[in-house]
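Have a look at the structure below, then the notes.
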Amino acid sequence: MPGVIRQYVKFIDRISDYVGYLAATLIFFMGAVLMFDAFTRNVINMPVHWAIELTQFTLAAYYFMGGAITLKNNDHVRMDLFYANLTERGKARLDLLTVGCLIFYLSIMLLGAISSLQYAIETGERRFSIWNPSVIPIKTLMVACLVLMLMQAVSLVFKHIATLRGEAIE
């Protein structure tokens, strides 16, 4: 594989790792917000109305941000009925097919996410609740994470092609 492709794969893998590790820390933030909510509601009898909604937004961010590292580490769900019995080259061929489907799916998702973000920006879209937060930040994060997942999927294509050619990209 050309050096540019190797650099691309290393760069995208590194970004996916950083974003994934950042996503992992969001669990602690969510726990702290929920404990704060429980404390204010049950101990000092002064409920905060934003805590549950902030936790929901954070959970959405957690899912979005974890997508690329899940692809990179091959931690996604797969039916191993036939896959486990394939050779490395057979797995690479099947993975190329499924990554092609994934790229198509992510592209459609990205188009929808961009459209949704544009609408949110144009209308100043907010959640209809007591807290009434803007949805622009979470929709922006969704678009950015879908772009990263698409870039990671392209990286996977390069890795599978390298496997088929008998090379390794690490």
Where in the stretch 1-84 are there helices (runs of 4 or more DSSP H), lying wholly inside it, with at least 2 residues that are touching a Phe, Trp or Tyr at 6+ places or on another chain (Cβ under 9 Å)?
-> 3-42, 51-72
Residues satisfying the stated conditions in the stretch 1-28, i.e. within 14 Å of Leu71 (Cα to Cα) and surrounded by 15 or more Cβ atoms within 10 Å (Cβ to Cβ) | Val9, Ile12, Asp13, Ile15, Ser16, Val19, Gly20
Hits in the stretch 109-142 (condition: outside any helix (DSSP H, G or I) and among the β-branched types (Val, Ile, Thr)) | Ile130, Val135
Of the residues Phe64, Phe128, which single one is surrounded by fewer than 15 Cβ atoms within 10 Å (Cβ to Cβ), over 18 Å from Tyr8 (Cβ atoms) and among the aromatic types (Phe, Trp, Tyr)?
-> Phe128
Exactly one of Ala68, Ala32, Ala84, Ala38 is under 20 Å from Gln152 (Cα atoms) and among the small types (Gly, Ala, Ser), and that residue is Ala68
Scan Leu117, Leu94 and give me the residue that is at pLDDT 95 or above and of a type outside the set (Lys, Arg).
-> Leu117
Looking at Leu146, is it surrounded by 15 or more Cβ atoms within 10 Å (Cβ to Cβ), touching a Gly at 6+ places or on another chain (Cβ under 9 Å), at negative phi and touching a residue at least 60 places away in the same chain (Cβ under 8 Å)?
-> yes
Arg93 fails exactly one of (1) over 28 Å from Tyr21 (Cβ atoms); (2) not in a helix (DSSP H, G or I), namely (2)
Residues of the stretch 120-170 classified as closer than 15 Å to Ser16 by Cα and among the acidic types (Asp, Glu), total | 1
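The values are calculated or read from the model by the stated rules, or taken from the named source; none is laboratory data. As the structure is a computational prediction, the values presented were derived from the model and not from experiment. Methodologically, a virtual Cβ is constructed for each residue, glycine included, from the backbone with ideal geometry; neighbour enumeration extends over all protein chains shown.
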